[in-house]
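One structure below.
FYI, it's all coordinate maths here, none of it is from the lab. Here the structure is a predicted model, which is why all the values come from computation and not from measurement. All Cβ positions, even for glycine, are placed from backbone atoms using ideal geometry, and neighbour counts span all protein chains on display.
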Amino acid sequence: MAESLGLHFFNQLYTDYNLRFVRFANSYVRNITVAEDIVTEAFVAYWENRNNLSENSNIPAYVLTIIRNKCLNYLQQQKIHNEILDNIQAHSNWVLDMQISTLEACNPEALFSSEVQKIIDDTLASLPEKTLEVFIMSRYKNMSHKEIAEALQITTKGVEFHITKALAQLRKNLKDYTFIFLILFLYNNH
């Protein structure tokens with residue numbers, strides 16, 4: 001009998017407050033489906049905890065408190081989600097800015113100037129034989145690290161070591177031509 005009265009009270013509570021609660025939740029979360037889910041979860045939470053409440057509890061206020069807390073949780077999660085998206089967007093914008101500034105700084109005449117070519121030639125000539133061979137296969141023959149490793153019978157880590165060594169020397173020697181170094185050697189990475 002008590003369970004029947006409890007169910008009758010619950011049904012009446014749902015009938016009287018469901019639409020109001022959904023409107024309340026939706027006014028904050030701005031998504032009717034989410035608002036309906038929050039209200040449904042709040043009613044379920046009330047039903048599951050109804051025996052723990054005192055007889056003089058304000059049940060609509062209790063359910064509304066659950067809804068308020070669930071809305072707060074939802075909005076805080078949305079805020080975190082938006083911050084993550086903002087960080088991703090900021091990083092993407094930074095990459096675009098770098099690409100734009102590098103391209104703006106690019107002087108095609110300087111790219112093919114004899115001075116730059118001499119620095120590159122001298123740097124490559126100063127590299128150890130194996131490093132030079134790996135670098136040429138990677139950057140001029142467009143071979144993958146795996147293909148180079150198989151051809152020279154070394155590990156891919158060994159290939160990476162030689163390429164890193166060659167790039168470090170080129171970066172150092174082309175320090176006055178950073179944009180040329182970036183265009184010629186870094187954006188061609190396997």
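Normalised by the residues of region 2-102, what does the relative contact order come to in percent, with Cα pairs under 8 Å and at least six apart? Worked out over region 2-102, it gives 25 percent. Computed from Cα atoms, the angle from the helix 156-173 axis to the main principal axis of the chain rounds to 70 degrees. Projecting the Cα atoms of H145, L127, N58 onto the charge dipole of the chain (Cβ charges, centred on the Cα centre) puts N58 farthest toward the positive pole.
Note: relative contact order over the chain, using C-alpha pairs below 8 Å and six or more positions apart, is 15 percent. Each Lys and Arg contributes +1 and each Asp and Glu -1, all at the Cβ; summed about the Cα centre of the chain, the dipole is approximately 160 debye.
At full extension, T102 and T33 could sit 20.2 nm farther apart than now, given 0.36 nm per residue minus the alpha carbon distance. For region 31-145, lysine pairs separated by 8 or more sequence positions, or belonging to different chains, with Cα-Cα distances below 28 Å total 4. Modelled spin-label separation between K157 and D121, with each label point placed 7 Å from Cα along the Cα-to-Cβ direction: 3.8 nm.
Over the chain, DSSP H runs of length four or greater, each weighted -39,500 (n - 2.57), average out per residue to a 222 nm ellipticity of -26000 deg cm²/dmol. Scattering from the chain was approximated by placing one identical point on each alpha carbon and applying the Debye formula without solvent; log10 I(q)/I(0) at 0.08, 0.11 1/Å stands at -0.57, -0.65. Here the calculated FRET efficiency for A45 and Q89, from their Cβ-Cβ distance with R0 = 41 Å, stands at 0.65, rounded to the nearest 0.05.
Here the residues F43, F9, ranked from fewest to most Cβ neighbours within 10 Å of their Cβ, fall in the order F9, F43. The slack between N58 and L132, meaning 0.36 nm per residue of separation minus the straight C-alpha distance, is 18.6 nm. Could you tell me the distance between the Cα centroids of region 17-75 and region 131-181, to the nearest Å? Here the two parts' Cα centres lie 62 Å apart.
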